[in-house]
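Note sheet for the following structure.
The values are calculated or read from the model by the stated rules, or taken from the named source; none is laboratory data. Note that the structure is predicted; figures quoted are calculated from it, not measured. So basically every Cβ, Gly included, is an ideal-geometry build from the backbone, and we count neighbours across all protein chains shown. The area values use the complete protein model at the heavy-atom level, side chains included, leaving out ligands, DNA and RNA. Shrake-Rupley method; radii C 1.70, N 1.55, O 1.52, S 1.80 Å.
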Amino acid sequence: MRAGRSPAARLVALVVAALVALPVLAGCVGDDTAGDPWDGQRPDALTVATGGSTGIYHAYGTALAQVLEDRYDVPVAVDESGGSVENLESLDAGTAQVAFSAADAARDAVAGGGEFDEPLDVRALARVYDDFLHLVVPASSRIRSIDDLRGKDVSLGAPQSGTALIAHRLLAAADVPTEDLTDARLGLDGSIEALRAGEIDAFFWSGGLRTPGLTALADDVPVRLVPLGDLVEEVRSRYGSGYRHGIVPEGMYGSSRVVETLAVPNFLMVRADMPDAEAQTLVSTLFDARAQIAAQVPSAANLDRVRAIFTDPVELHPGALRYYRDTKD
């Protein structure tokens, strides 16, 4: 007959059994979202609305999408588009969940002005980098100012783009009616090809420095940027203080001098009804992967926690605001 264990031995056995069982029990009854940045609300897929394939929106969106897929196994589609206005409309329609937009278009969207018939319920995640307005002409062109565009074939940008929005405002500030020129209405890719082929005399482009498509163009065809700095104050007085003076440095796109122009911030935008945890994770990823993204898109290096929160008059998404508060120094 087997002898029974002592009370002390039985107590030791029970403690050991309980310790062994704890991890199993925790897996059964604990919070399975612990440590999950999505807080159990990880999206099945995301679509990022960007811009033309040779612009910074598209490059930035592609790099961010790759990070999200690698880190979280979330499938991310990167949509080419005409630009800011189209991107914001895609957000509103639910065909995109994340979108890049220039601040002036975003301002119009939340106010229900400009291209928008009614206010859109959208929010900002961050101010990411600034765009600089380029008026590009062949180096040999006689166009020296915006007034010289009269009678010329010009692309003011793709319909529903931030470029077209700013170009029209600059022409108005310069008292140059759009009827005085022929607008080719091309996006960046089309504008580059048309200028290279001699089909247009000039084109506008609002983008970060340096824009890959313009760098490639300047490598093939000598080009020049027309200064626009003298119009900045008039544009600000008419359309708001979101515009500022900007500088395209000497050497950019082969330029032999500094070019004064107009600059406008860019925001990363989402719908107001995006879950807070999802928005917070997107902002966290944007900052955590800044160096990785900047290796492909130099403008991403300009992302800064202090400046990122300045998205007025567009409200920050509550999830984004939580990130900035939680990481405040």
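Among residues of segment 251-266 being part of a loop (DSSP other than H, G, I, E, B) and modelled with pLDDT under 95, the one that is most open to solvent (accessible area, probe 1.4 Å) is R257.
Considering segment 286-329, and only residues there that are among the charged types (D, E, K, R) and under 17 Å from G208 (Cβ atoms), the residue that is most open to solvent (accessible area, probe 1.4 Å) turns out to be R307.
Considering only segment 203-221, state which residues are in a loop (DSSP other than H, G, I, E, B) and under 23 Å from D148 (Cα atoms). Within segment 203-221, just V221 meets the criteria.
Return yes or no: is M269 modelled with pLDDT of 95 or more and open to solvent by less than 30 Å² (accessible area, probe 1.4 Å)? So M269 passes the test.
Only residues that are touching a Phe, Trp or Tyr at 6+ places or on another chain (Cβ under 8 Å), among the aliphatic types (A, V, I, L, M) and under 18 Å from A174 (Cβ atoms) were counted across segment 215-242, and they come to 3. Scanning segment 287-316 for residues that are within 21 Å of V110 (Cβ to Cβ) and in contact (Cβ under 8 Å) with a residue 24 or more places away in the chain returns R307, A308, I309, F310, T311, P313, V314, E315, L316.
Being open to solvent by 20 Å² or more (accessible area, probe 1.4 Å), farther than 15 Å from I146 by Cβ and either in contact with an Asp or Glu (Cβ under 9 Å, 6 or more places away or on another chain) or among the hydroxyl-bearing types (S, T, Y) (or both) is the filter here; which residues of segment 190-202 pass it? E193, R196, E199, listed by residue number. Just one of (1) buried (at least 22 other Cβ atoms within 10 Å of the Cβ); (2) modelled with pLDDT of 95 or more; (3) of a type in the set (V, I, T) fails for I56. It is (2). Highlighted here are the strands (runs of 3 or more DSSP E) found entirely within segment 70-140 that include at least 1 residues which are open to solvent by less than 10 Å² (accessible area, probe 1.4 Å): 98-102, 122-138. Looking only at segment 275-329, residues that are over 28 Å from S241 (Cβ atoms) and not in a helix (DSSP H, G or I) come to 4 in all.
For segment 222-248, the set of residues classified as part of a loop (DSSP other than H, G, I, E, B) and either touching a residue at least 24 places away in the same chain (Cβ under 8 Å) or farther than 25 Å from P313 by Cα (or both) consists of P222, V226, P227, L228, G240, G242, Y243, listed by residue number. No other residue among S241, S206, S237 is of a type in the set (G, A, S) and open to solvent by less than 40 Å² (accessible area, probe 1.4 Å) apart from S206.
For T62, the criteria (1) in contact with a Phe, Trp or Tyr (Cβ under 9 Å, 6 or more places away or on another chain); (2) in a helix (DSSP H, G or I); (3) of a type outside the set (D, E, K, R) hold in every case but one, which is (1).
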